[in-house]
Every structure is written in structure tokens, then in C-alpha cells.
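Right, one structure below, let's go through it.
The values are calculated or read from the model by the stated rules, or taken from the named source; none is laboratory data. Every value quoted in this text rests on a predicted model; they were computed, and no experiment measured them. Methodologically, a virtual Cβ is constructed for each residue, glycine included, from the backbone with ideal geometry; neighbour enumeration extends over all protein chains shown.
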Amino acid sequence: MTLYFKSIFTLVIIISSTLWGIAQKNPNQKQGNPVYNTHKVFPMVHLGIGAGDYSFSSMGMSVFHKMNQKVMMGLSAQYFGENGRGNARLIKWQKIPLTLESVMNLKSYRNDRSALLFVMGLGYSFTLNGGYFDPEDLIQKKVSNGWVFTPGLGYRFNILKNTGVLFDMRYHLIVDKIKNDQKEVLSGKNWSHVLCRMSIFF
């Protein structure tokens, strides 16, 4: 585990612990039963677009468990496909990030029908079609799998009691490596993007 990833992992633990403490001290509902989002488990499906080091489209799904009225934890699987097939870039790959996700209500409105959210994910990304020929070094190279860190903000709105839409915008970082045919590491690589998603939960 690199020092870079250790720093990110430590930051995630600190932020998660802080948010958990806030959620325990400040429950979203003061009294009575909540009107919206009464289920304990919430499946979600996602569609999104990303821009930064490359442009891509994404789709995926998540399953979240409601810890209390302010915090949900879950697992997410997504597919990233790079947009375009031009010759401007040597690397034409796809990625599948698997992440542990947390969602926290920062501010709720209309008896929790809508809410401003803090979202964060940490996990591992699998690279597909990551091989390419580098004409400068005259060797075949390959992009490895890597770590994912993705914090951001979101907005949730319930259409029905337990069904609605969630919009989020995230900074999406993937940390992986460039290797040669002998699987020797040639260099590290950080891919930085802004990811915008629309999700449907039910």
C-alpha cells in the first residue's frame, strides 16, 4: 500500500468517524415516525457522465442500508466507458469501480422529502481494454487495476414514500499503474475527473 493511498484511507476514516458522530448527536427526526424513506434497504440504479483526464459515460447499481435518519452505508458497482473513438489518445480503456459508499444528510427539507447530502466512496477499480502500444517507447503497455476515492455533494428528492431521485456531483480519483508486457511497473498514474450522476432509488 503506497503512502499516497494510506493518506487517502486515513482521511476517509477521519471524515467517516466525524460524520458518524454528528449523525448520532443530531438525529434528523426529533420525534415521531418519519414520513419518507421508511425502508431499511434502498437499491439504486445510476446513470452518469464524467469529464477530466478523459470523457466517459457511466451506469451502475448500489445497495444501501439505512443506519439511522441521517446516514446510509452501502456497496456500489459501476461501469465506465470512454466516450469517442478518435486517435487523440493512446489509451482506450474501460473501468469497473467497486466501492464502499456512505451518504449523509447535511440538511433535510419538507419532513425529509428532500435533502442536501454529503457522499463518499472508497474502493477498487478493475481496468478493461487497458493495453496499448506506445510509439515513443516502442513497447506494449498496460494500465493496471487501481484504487478509487470519490467524495462529493448530492441532492435527494422523494417522488413517492420510498422512491425518488438522487443527483450527485463528485470528484473521482483513480490511482493505478502503467506496466510493460513483463508486468514491471513503469510509472504510477492518477486519473482525475468530475462525475455527475442521476440515481433512482426504490
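If a residue must be among the aliphatic types (A, V, I, L, M), touching a residue at least 24 places away in the same chain (Cβ under 8 Å) and within 19 Å of LEU122 (Cα to Cα), how many such residues does segment 50-76 contain?
5
Strands (runs of 3 or more DSSP E) wholly in segment 98-164 with at least 2 residues that are of a type in the set (Lys, Arg) and either farther than 19 Å from LYS66 by Cα or without any contact (Cβ under 8 Å) to a residue 60 or more places away in the chain (or both) - which ones?
The strands (runs of 3 or more DSSP E) meeting that bar are 139-143.
Residues of segment 144-190 being under 19 Å from VAL45 (Cβ atoms), surrounded by 15 or more Cβ atoms within 10 Å (Cβ to Cβ) and basic (Lys, Arg), which ones?
Those that are under 19 Å from VAL45 (Cβ atoms), surrounded by 15 or more Cβ atoms within 10 Å (Cβ to Cβ) and basic (Lys, Arg): ARG156, ARG170.
Would you check if ASP134 is among the charged types (D, E, K, R) and within 17 Å of SER199 (Cβ to Cβ)?
no
Got a number for residues in segment 42-70 being of a type in the set (Lys, Arg) and in contact with a helix residue (DSSP H, G or I) (Cβ under 8 Å, 6 or more places away or on another chain)?
1
Quickly run through segment 94-107 and pick out the residues that are crowded, with 19+ Cβ neighbours inside 10 Å and over 12 Å from the mean Cα position of the chain (by Cα).
LYS95, MET104, ASN105 - these are the residues of segment 94-107 that are crowded, with 19+ Cβ neighbours inside 10 Å and over 12 Å from the mean Cα position of the chain (by Cα).
In segment 108-143, what residues are within 19 Å of the chain's Cα centre (by Cα) and farther than 17 Å from ASP168 by Cα?
GLY123, TYR124, SER125, PHE126, THR127, LEU128
What is the number of the single condition among (1) surrounded by 15 or more Cβ atoms within 10 Å (Cβ to Cβ); (2) modelled with pLDDT of 85 or more that ASN28 does not meet?
That leaves (2) as the condition not met.
Any residue at all in segment 110-123 that's loosely packed, with under 15 Cβ neighbours inside 10 Å and either out of contact with any strand residue (DSSP E or B) (no Cβ under 9 Å at 6 or more places or on another chain) or at pLDDT below 90 (or both)?
Looking through segment 110-123, at least one residue is loosely packed, with under 15 Cβ neighbours inside 10 Å and either out of contact with any strand residue (DSSP E or B) (no Cβ under 9 Å at 6 or more places or on another chain) or at pLDDT below 90 (or both).
All but one of (1) exposed (fewer than 15 other Cβ atoms within 10 Å of the Cβ); (2) in contact (Cβ under 8 Å) with a residue 40 or more places away in the chain; (3) more than 16 Å from the chain's Cα centre (by Cα) hold for VAL194, so report the exception by its number.
Exception for VAL194: condition (3).
Across segment 159-174, what is the number of residues that are of a type in the set (A, V, I, L, M), more than 12 Å from GLY50 (Cβ to Cβ) and in contact with a strand residue (DSSP E or B) (Cβ under 8 Å, 6 or more places away or on another chain)?
Summing the residues that are of a type in the set (A, V, I, L, M), more than 12 Å from GLY50 (Cβ to Cβ) and in contact with a strand residue (DSSP E or B) (Cβ under 8 Å, 6 or more places away or on another chain) in segment 159-174 gives 3.
Out of the residues in segment 47-56 meeting the condition of being of a type outside the set (Val, Ile, Thr) and touching a Leu at 6+ places or on another chain (Cβ under 8 Å), tell me which one is nearest to ASN190 (Cα to Cα).
Looking at residues that are of a type outside the set (Val, Ile, Thr) and touching a Leu at 6+ places or on another chain (Cβ under 8 Å), I get GLY50.
Mind checking which residues of segment 131-158 are charged (D, E, K, R) and out of contact with any strand residue (DSSP E or B) (no Cβ under 7 Å at 6 or more places or on another chain)?
Scanning segment 131-158 gives GLU136, ASP137.
Among the residues of segment 70-87, are any assigned to a loop (DSSP other than H, G, I, E, B), at pLDDT 85 or above and among the basic types (Lys, Arg)?
yes
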